[in-house]
Amino acid sequence: MKRWMPERQNLSPLEQRVLDYLFDHPERVIRCKAEELAKTLFVSTATISRTCQALGFRGFQELKYALQQELLKEPGGNGAPETFPLQKHVDRFRRDFEETIRQLDYEKIRQAAALIRESPRIEFFGVGNSLFPCLDAAKKLTFAGKWCNARTDWDDLEVTAQSMTGDDLAFLVSYSGETQSILHFARTLKANGVKMISLTGPHPNRLEKMADLVLKGHMTDCYFGNLDLCSRFPMNLLLDLVIIEYIRRWKAPSQSGEP
C-alpha cells in the first residue's frame, strides 16, 4: 500500500478522498461494492474507477483483490524483531522461489533472449534495491560479448534514455512497476521507439503496460519499520534464465537435444 502514496499528488481532490479511505479502512473496502463505497464517500462510481486505474488496476474488483492479499500477509510493519521468526522468512523465500518457477513463461524467456541477440545495444534501468539485479545481469551479458550497461547515476540514465533508438533494447526493473523515475525513463524510451522488457513483482502496474515484453517474479512484501526487506532474488533468477537462454542458443557450441 505504500507504493500507492506517491500517486496521491496526481489525483483530483475527490480521488484523493477515495485513496485516503482505502488507507484508513481497507477491511471495509474489500467487503463493499463500488456503489456502496461511492455512496459512503459522496462520489461517483466513475471517480472510484479512475482512482483504481491511477493506482495501476483495471477496476475496483482487481483493487479489492490486491487489498485482500495485502491484509492476509504476515504483519511486519513496526513489530519487534521477535515478531519475525526466522522460519517465517525461510518459508517466504521458498514460496517466492516456487511461485516464480511455477508461473514461469518459457516462451517469454525465449523472446527476451531473441531480443538480446537482435539488439546491438542493451541498457538496464533500475534504482534502489532493483539496481542490483541490473548490475549483475549487465556484467554477465558484457562477459558474453554484448554491449551492455547498468548505470547508477540518475543523470546518466536520463541521457541514456534520450540517446537510445529503435534498434536498442532496454530492461526496466522495478518491484512495484510504479517507481516514478523508472516510469519517466519508460516514457522517454517509448517515445524513441526503443524495445522494452519490464521486470516487476506480481502486482498490476503501469510499467508493464508500456513494455513490449513483460516478465514477473513473485516477491512478498516485507517491511521492518520503513526498511524494505523484500528480497529481489526472483529478479536475478529471471534475468539469469534469459541470459542462459541467449548464451545457450547463440553463443554456446551447437549441441544435440532440446532446441
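Tabulated values for the structure
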quantity: Label-point separation in nm, Arg8 to Gln162, each point 7 Å along Cα→Cβ; calculated: 3.3 nm
quantity: Rounded accessible area per residue of the chain, 1.4 Å, Å²; calculated: 52 Å²
quantity: Trypsin sites (Lys or Arg not before Pro) lying in DSSP loop within the range 103-212, provided at most 11 other Cβ fall within 10 Å; calculated: none
quantity: Apportionment of accessible area to carbon and sulfur, the chain, percent (1.4 Å); calculated: 54 percent
quantity: Degrees between helix 131-143 axis and first principal axis of the chain (Cα, 0 to 90, nearest 10); calculated: 10 degrees
quantity: Extension reserve of the Cys230-Phe132 stretch, reckoned as 0.36 nm per residue once the Cα distance is removed; calculated: 34.0 nm
quantity: Under Karplus coefficients 6.51, -1.76 and 1.60, residue-wise ³J(HN,Hα) of the range 179-186 in Hz, glycine/proline x; calculated: 5, 4, 5, 5, 5, 4, 5, 4
quantity: Long-range amide H partners of Gly177 with built H, under 5 Å; calculated: Gly201
quantity: Out-of-range pairs (alpha-carbon distance over 25 Å; input Lys195/Lys216; Lys108/Lys195; Lys108/Lys140; Lys64/Lys195; Lys139/Lys216); calculated: Lys64/Lys195
quantity: In order through the range 99-113: 3J(HN,Hα) via Karplus (6.51 cos²θ - 1.76 cosθ + 1.60), integer Hz, x for Gly, Pro; calculated: 5, 4, 5, 4, 8, 4, 9, 5, 5, 5, 4, 5, 5, 5, 4
quantity: Tilt relative to the chain, helix 13-24 - C-alpha long axis, 0 to 90 degrees, to 10; calculated: 90 degrees
quantity: Spacing of the two label points (7 Å from each Cα toward its C-beta) at Leu41 and Gln61, in nm; calculated: 1.9 nm
quantity: Residue range of the chain that is longest and free of chymotrypsin sites (Phe, Trp or Tyr not before Pro) which are both DSSP loop and sparsely packed (at most 13 other C-beta within 10 Å); calculated: 148-259
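The values are calculated or read from the model by the stated rules, or taken from the named source; none is laboratory data. Since this is a predicted model, take the numbers as computed values, not measurements. Positions of Cβ are generated from backbone atoms using ideal geometry, with glycine treated the same way; all protein chains shown enter the neighbour counts. These accessible areas exclude ligands, DNA and RNA; they are computed on the full protein's heavy atoms, side chains included. Shrake-Rupley method; radii C 1.70, N 1.55, O 1.52, S 1.80 Å.
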